[in-house]
Amino acid sequence: MESEVVAALIATPAVLVTAATAWMAGRVQSRGAYHGPVDAVRRTVQREAYADLYRTARRFIDAHEIAEEAVAAGDAYRPAMDEMHAALDELEHAVRMVELEGPDLLADIASRIDESARRLGGYRIRRVRTWSLDPSTPEELAGRNAAKRTFNHALDELLPAARRYLNGGPPQ
């Protein structure tokens with residue numbers, strides 16, 4: 001066999017390994033180049049979803065307290081109740097966005113905020129919300145207080161968990 005042919009046969013595996021390595025490196029680099037901007041956009045959307053949940057939760061609890069005060073004072077409570085229900089509608093939308101974006105820990109916090117807010121502000125039956133305006137029995141009062149504690153505790157958990165997740169740490 002000619003020496004040139006033997007040299008080519010000996011060099012072929014090294015060339016194939018080098019080519020495969022270069023191809024894999026290029027593939028990894030292109031994937032990073034694609035996913036970098038996508039991850040940045042996703043992180044921005046998540047940040048907005050978490051901030052919107054916090055803002056709407058604060059709006060709801062403030063509106064709930066105003067509605068309760070109006071009922072207790074015997075004032076015309078209908079405008080305050082309408083504002084509370086509008087805030088609850090907005091909160092439900094914000095909760096769904098966080099449940100969509102995740103991660104699971106933040107989705108769980110959002111679900112707890114949602115459930116306790118509904119217990120405080122009323123469940124929707126078709127297009128109408130129900131709301132017990134005045135917890136008149138000890139059981140209703142205990143349920144209202146438990147819902148408020150759950151709401152406040154979940155709201156207190158939201159920002160630190162979101163900050164840890166957005167800054168690259170585990171949500172824990």
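Readers should treat all values here as calculations from the given coordinates under stated rules, not as data from a laboratory. Since this is a predicted model, take the numbers as computed values, not measurements. Methodologically, a virtual Cβ is constructed for each residue, glycine included, from the backbone with ideal geometry; neighbour enumeration extends over all protein chains shown.
Packing order of peptides 59-67, 41-49, highest average first: 59-67, 41-49 (average count of other Cβ atoms within 10 Å over each peptide's residues). Model label sites at Thr18 and Glu140, defined 7 Å from Cα along the beta-carbon direction, differ in position by 8.4 nm.
The simple spin-label model puts a point 7 Å past each Cα toward its Cβ; for Arg163 and Glu65 those points are separated by 2.1 nm. Projecting the Cα positions of Leu159, Asn145, Leu106 onto the charge dipole of the stretch 46-166 (unit charges on Cβ atoms of Lys, Arg, Asp and Glu, taken about the Cα centre) puts Leu106 furthest along the positive direction. Taking other C-beta atoms within 10 angstrom as a stand-in for reagent exposure, Leu105, Leu141 fall in the order Leu141, Leu105, fewest first. Reported value for the stretch 46-166: 94 Å³ per residue, from the convex hull of its C-alpha atoms.
Of the residues His85, Thr130, Ala51, the one whose Cα sits farthest toward the positive end of the charge dipole of the stretch 46-166, with +1 on the Cβ of Lys and Arg and -1 on the Cβ of Asp and Glu, is Ala51.
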